[in-house]
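Enquirer: Sharing a structure, written as structure tokens. Questions coming.
All of the numbers you see were taken from the coordinates with simple rules; none came from a lab. Every value quoted in this text rests on a predicted model; they were computed, and no experiment measured them. Methodologically, a virtual Cβ is constructed for each residue, glycine included, from the backbone with ideal geometry; neighbour enumeration extends over all protein chains shown.
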Amino acid sequence: MLRSGITNYQCFSYILTIFMLPITFSAVWPIFTPYLSVAFVVIFIYIYILVIILTIKDSCVPELTRKTKEENFVRKKFKSEPGRHVIENSKCNICEITVQKETKHCKRCNYCVAKFDHHCVWLNNCIGEANYRLFMLLIISMSFIAFCTFIISSYILIAWFSRSKNGLVSINYDNEWTWMRILWVVSAAVCVFVYFFTFVTTTHLLYFHIRLYKLGMTTYKFIVSKRRAKVGHIGQISTVSQTNTRTYSQA
Ligand SMILES: [Zn+2]
Ligand SMILES: [Zn+2]
């Protein structure tokens, strides 16, 4: 791996993902069957595998990987120099390779990424040509799984609280508030909150990437175009205000 270190965002996402497995089990156990428990374990392992691949696999241009392995090439440390770009005349000064037009040098990963989309702080890796499809698979999977788990945990929780009134479900519970009961209610509530939040954020991200696909843009290009439009707008306002000032002065 050409990157090192672990970020706070990455730590948070790992801890949350690891803790959500026992919490989810604890929340949905009233409707557990052997098939459902196996399904949950398989789903979690599937998500872990995607996250591990996206974290471990470098998304740099293949030429840099080859150069590092075969020629024991060591990159210089990234240093921001005002007025100077890392890539000049299609040549990266740090990776020391010739790059394509849509390649960008990420200062956090400190390597060149073909068709650079963005640097994901949760995975601490860049998303680009090498891993974009896998990243989208993770987002789609997370959105779908979060939606299903949100529905299941909400249903169980609502069913438990409303059972005494209308007998909505056949969960075999008595009315006693034991520690196990409290733990279960807290787990179910955490699941409802976490999976709803995950569903909303991943679906929004998915919608954003569908829009980008239609526009034929990457996230990076989209942000740059927005910034340019903003600067252009401010430029227009200042031109207008300058004209107005001149008009007023002349008057
Ligand atoms: Zn580079
Ligand atoms: Zn990066």
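Enquirer: Per 0.36 nm of contour for each residue apart, how much would the distance between S37 and F208 grow if the chain were fully extended, relative to their Cα-Cα spacing?
Expert: Details: separation 171, 0.36 × 171 = 61.56 nm, distance 3.33 nm.
Computed gain between S37 and F208 is 58.2 nm.
Enquirer: Using the number of other C-beta atoms within 10 angstrom as an exposure proxy, rank W184, W122 with the fewest first. Walk me through the numbers on the way to the answer.
Expert: Working: W184 20, W122 16.
Sorted ascending by nearby Cβ count, the order is W122, W184.
Enquirer: Return the inverse of the average 1/r over all pairs of distinct C-alpha atoms in the chain, which is the Kirkwood hydrodynamic radius, in Å to one decimal.
Expert: Every distinct Cα pair counted, the radius reaches 22.2 Å.
Enquirer: Let me ask something else about it. With label points built 7 Å along Cα→Cβ from the Cα atoms of F19 and I45, find their separation and express it in nm.
Expert: Distance between label points: 2.5 nm.
Enquirer: Any idea what angle helix 62-71 forms with the longest principal axis of the chain, computed on alpha-carbon atoms, 0 to 90 degrees, nearest 10?
Expert: Helix 62-71 sits at roughly 80 degrees to that axis.
Enquirer: Using 0.36 nm per residue of separation minus the Cα-Cα distance, give me the extension gain between K226 and V200 in nm, one decimal.
Expert: 7.0 nm
Enquirer: Hey, another quick one. What residue among I87, C106, N72 has its Cα farthest toward the positive end of the dipole of the range 62-118, where the charges are +1 on Lys, Arg and -1 on Asp, Glu, each on the Cβ?
Expert: C106
Enquirer: Using a 7 Å offset from Cα along Cα-Cβ at T7, what residues in the range 69-93 end up with backbone N under 16 Å from the label point?
Expert: Under cut-off, by backbone N: 78.
Enquirer: Related question: Can you tell me the orientation of helix 179-215 relative to the chain, as the angle in degrees between its alpha-carbon axis and the longest Cα principal axis, to the nearest 10?
Expert: 30 degrees
Enquirer: Now a separate question. Can you tell me the order of 35-42, 7-14, 51-58 when each peptide is scored by its average per-residue count of other Cβ atoms within 10 angstrom, highest first?
Expert: The most tightly packed comes first, giving 51-58, 7-14, 35-42.
Enquirer: Just from its helices, what would the mean residue ellipticity at 222 nm be for the chain, if runs of 4 or more DSSP H residues each count -39500 (n - 2.57) and the sum is divided by every residue, rounded to the nearest 500 deg cm²/dmol? Before the final figure, lay out the partial values.
Expert: Details: 6 runs with 158 residues, N = 251.
Calculated from helices alone, the mean residue ellipticity at 222 nm is -22500 deg cm²/dmol.
Enquirer: Dipole magnitude of the chain about its Cα centre, charges +1 at Lys/Arg Cβ and -1 at Asp/Glu Cβ only, in debye to the nearest 20?
Expert: Details: 28 positive and 12 negative charges, 224 e Å.
Its charge dipole is roughly 1080 debye.
Enquirer: Could I ask something else about it? Using a Förster distance of 35 Å, how high is the FRET efficiency between E63 and F144, based on the Cβ-Cβ distance and rounded to 0.05? Intermediate results must be reported in sequence, preceding the final value.
Expert: Values: r = 36 Å, r/R0 = 1.03.
It comes out at approximately 0.45.
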